[in-house]
Amino acid sequence: MAKATTTIRQVLTYQPQHAAWFVANQALFNRVAAFYFEVIAAHEKLLDLSAQEALTALEKLTHATRKNPTPIMPLSAIAEAIPVMFRRAAIHAALGSARSFYTHLSKWHTRKEKAQTRGKPFKERPPVPPRSWNKSATLYSGQWKQRTASSILLKVWTGTCWSWIKVRITGRELPLNQARELDGEMGSPSLVRRGNQWYLHTPIEKTFKTPEKIVTQVTTNQSTRICAIDLNLDHHLAVCTIQTVEGTILATHFISGGRAIHGFRKQLLGQIARNRRKTGILAEDEQDNVDLWNKIRQVDEHIAHLVSARIVQFAVQHEASILVFEHLGNLKPTAGKYSHRGNRKRAFWMKGRIFTFAKYKAWKAGIITSRVNPRQTSRECARCHHLIARYHAGEQASGYTPGAPLALCPACGMQGNVDRNASLVIGQRLMMRVLNSQEKPSTPLLAEREEKSSGVAICQEAKSEEEPSFPQARHAECNEHGTAQRRDARMDVSLLDIPHPLRLFTE
Ligand SMILES: [Zn+2]
């Protein structure tokens, strides 16, 4: 079974003095977590144990009971009367940090030894344990009760005592299924501070049937639908097409808004440039125009969420089970004013975000995401794979004008939107790759080599098989076929544990 976690962020409404209590509560949580980090550091062997065993061992070391009246490092030395569940949440937070720190440290040691045995200088600094603790307090059951859609009771440290307070919950609701039950399994909520506002974050874990691998889907079911997406820097941010394995095109969807966001960014970047000119020299290590930069960042992220959500929605609507993008490649440097270069750079980053967001959103809908070689996707005809002419309306249909919207294939007469054509090519490329990888001779030796995902072997294989195909498309395919194959194999695996997604306030 596959899993996906969504964090539901809800706004809390509370009395003004409660904000100070939440601060005190979080400070105590971090003090206790830091204390346990020290305890673990003094007993490193604890990290070899399972989470449950480590918890028991740590409690024995720190918590006084009738059977264990004098623990070695008593927690009561730093704080009195910590509730059990508060302590355990802090222990788990400390264990998490400690595991991460010691893993990094041991990797550093390995790198150092390797450098020394090779007689190379090693200047990398070792990782340091956390100097300050600023974790959000996780509320295990016992620290909260009577949760409804609009309110919850929380047990918090006020700075002087433990107190139950009732707070109101507003904002996004917990997801419910058709039977009006919680859709998924609820994890422990945490009290999170953003600016001056406190939020309740609740992870909801959904379990669903693991989708079949792309190879299986494409080779066993002719009616598998693929949603291919061409991402652009301007005007049409994304162009999506739905096609079946055998190549029938079922639907197209244009997502525009590129120009509007471009104009918005340009305005703000221009403002930043003017401010900079006025103030003269910039202070080192200090971000200038913080508010303007924040605004640009937030809007970029917001648009990326909207576009990615729309892509996945379109795929779901048309029952596609695979999403395919092209690899992003590198941003080509462009000449021009500061605002122009900055704008292009951000538009390029946004493409990356749209892909990342679409990937996790698709996974929640049981859709697998893949990427293909981007080489000449916008220059190739989707029908006959010849090079196309790209031009503006009213101009002669010849040559290749970057940025122009229309395409004409001189070989087969295909005419249409250039981005839609590119999107179709992206989808075909995925299918070609999968099918090519299936056509291997069945010699066990070769099959074995392929299992180890030796990119070179796959590429050579494809070459040696003289199959009547489209020469230049074939060549492009072969060029990076191996790398693409490897990356995707890895990506399918990593999809299984997508980390907690970033969510927008506005979503
Ligand atoms: Zn053509």
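The values are calculated or read from the model by the stated rules, or taken from the named source; none is laboratory data. Please read these numbers as outputs of a predicted model, since none were measured by experiment. Note: ideal-geometry Cβ built from the backbone for every residue, glycine included; neighbour counts use all protein chains shown.
Considering the stretch 343-364 alone, what residues qualify as being modelled with pLDDT under 90 and either over 17 Å from Asn330 (Cβ atoms) or outside any helix (DSSP H, G or I) (or both)?
Asn343, Lys364
Does Arg9 count as basic (Lys, Arg) and within 30 Å of Lys206 (Cβ to Cβ)? Explain how you work it out, then say what you get.
On the way: basic (Lys, Arg): yes; within 30 Å of Lys206 (Cβ to Cβ): yes.
Taking the combined requirement at face value, the residue satisfies it.
Within the bounds of the stretch 121-143, is there any residue that is over 22 Å from the mean Cα position of the chain (by Cα), at pLDDT 90 or above and outside any loop (DSSP other than H, G, I, E, B)?
yes
Among what's in the stretch 47-64 and is surrounded by fewer than 20 Cβ atoms within 10 Å (Cβ to Cβ) and of a type in the set (A, V, I, L, M), pick the residue that is farthest from Gly159 (Cα to Cα).
We begin by selecting, within the stretch 47-64, every residue surrounded by fewer than 20 Cβ atoms within 10 Å (Cβ to Cβ); these are 47-53, 55-57, 59-61, 63-64.
Now drop any that are not of a type in the set (A, V, I, L, M), which leaves 47, 49, 51, 55, 57, 61, 64.
Details: Leu47: 32, Leu49: 34, Ala51: 30, Leu55: 26, Ala57: 29, Leu61: 26, Ala64: 23 Å.
Ranking the candidates gives Leu49 first.
What's the total number of residues in the stretch 392-423 that are surrounded by 14 or more Cβ atoms within 10 Å (Cβ to Cβ), away from the ligand (no atom under 14 Å from the Cβ) and among the small types (Gly, Ala, Ser)?
Residues that pass the stated criteria total 2.
Between Gly247, Gly263, which is at positive phi and small (Gly, Ala, Ser)? If you could, list the steps in order and put the result at the bottom.
Working: Gly263 fails: at positive phi.
Unique residue meeting the criteria: Gly247.
So is Asp288 exposed (fewer than 13 other Cβ atoms within 10 Å of the Cβ) and in contact with a helix residue (DSSP H, G or I) (Cβ under 7 Å, 6 or more places away or on another chain) or not?
On the way: exposed (fewer than 13 other Cβ atoms within 10 Å of the Cβ): yes; in contact with a helix residue (DSSP H, G or I) (Cβ under 7 Å, 6 or more places away or on another chain): yes.
The answer is yes for Asp288.
Read through the list (1) more than 10 Å from the ligand (Cβ to nearest atom); (2) at pLDDT 90 or above; (3) surrounded by 14 or more Cβ atoms within 10 Å (Cβ to Cβ), then give the number of the only condition that Ile388 fails.
Checking Ile388 against (1) more than 10 Å from the ligand (Cβ to nearest atom); (2) at pLDDT 90 or above; (3) surrounded by 14 or more Cβ atoms within 10 Å (Cβ to Cβ), the one that fails is (1).
Just to be sure before I move on: is Gly394 under 18 Å from Leu233 (Cβ atoms) and at pLDDT below 90 in the structure I sent? Steps first, answer last, please.
On the way: under 18 Å from Leu233 (Cβ atoms): no; at pLDDT below 90: yes.
Considered against the rule, which asks whether it is under 18 Å from Leu233 (Cβ atoms) and at pLDDT below 90, Gly394 comes out as no.
Scan the stretch 326-343 and give yes if some residue there is surrounded by 21 or more Cβ atoms within 10 Å (Cβ to Cβ) and away from the ligand (no atom under 16 Å from the Cβ), otherwise no. Working first, answer last.
Going residue by residue through the stretch 326-343, those that are surrounded by 21 or more Cβ atoms within 10 Å (Cβ to Cβ) are 326, 343.
Okay, now just the ones that are also away from the ligand (no atom under 16 Å from the Cβ), so 326, 343.
Checked the stretch 326-343: at least one residue is surrounded by 21 or more Cβ atoms within 10 Å (Cβ to Cβ) and away from the ligand (no atom under 16 Å from the Cβ).
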